[in-house]
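Visitor: Sharing a structure with you now.
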Amino acid sequence: MFSRNRKQFGCPEYQASLEDILRDGVASMEPGSRLQSHLQGCDACRQALNDGLTASKLMRHARYPESELSQAFVTRVMAVIREATEAAPNAIWRPLELLASRIALAAAVLLLALSVYLREFAPAWGTAAVSAGTEIGAGLPEPPAQPANADEVLMSLADTGDAI
């Protein structure tokens, strides 16, 4: 549509006149003028004027789009959008939405039950459950005593089967 090379805007001698028409509007063109008679015979200038008018309308619309929209148009567009969102494509996702909400509800209930169980019935983290009547080392074997003399050392080695 658009080329990188700059195209000639109509005939060179009428370029300034065409630009004036585009700036001031077609109504500013004098009937029977030299430009009007040239436009009837020159396809390049006529096409350049039409292209310029189209571009001018597009730019005006892009600059001030809300001024040309009526309330009826906005209402019709919103009604079409509303109908499209309520139509069949939504029916595909509805069962998945219901399944996802049920899974989320079940996970929330399970998480709540687990947190209540851990809070009430599980021992607290970082504390040891010790009753007052028991001794801390109860149930553990006693550490071996130091030998009193050399004979006890020899006797312990003889009991284990190790020889010097």
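The values are calculated or read from the model by the stated rules, or taken from the named source; none is laboratory data. Just so it is clear, the structure is predicted and the values come from calculations on it, not from any experiment. Virtual Cβ from ideal backbone geometry, glycine too; neighbours counted across all protein chains shown. Each accessible area value is taken on the protein alone, full model and side chains, heavy atoms only, with ligands, DNA and RNA left out. Shrake-Rupley method; radii C 1.70, N 1.55, O 1.52, S 1.80 Å.
Visitor: Listed residues Ala104, Ala72, Ala108, Ala87; which is open to solvent by less than 100 Å² (accessible area, probe 1.4 Å) and modelled with pLDDT under 75?
Guide: Ala87
Visitor: How about the range 29-47: which of its residues are surrounded by 10 or more Cβ atoms within 10 Å (Cβ to Cβ) and modelled with pLDDT under 80?
Guide: The one that is surrounded by 10 or more Cβ atoms within 10 Å (Cβ to Cβ) and modelled with pLDDT under 80: Met29.
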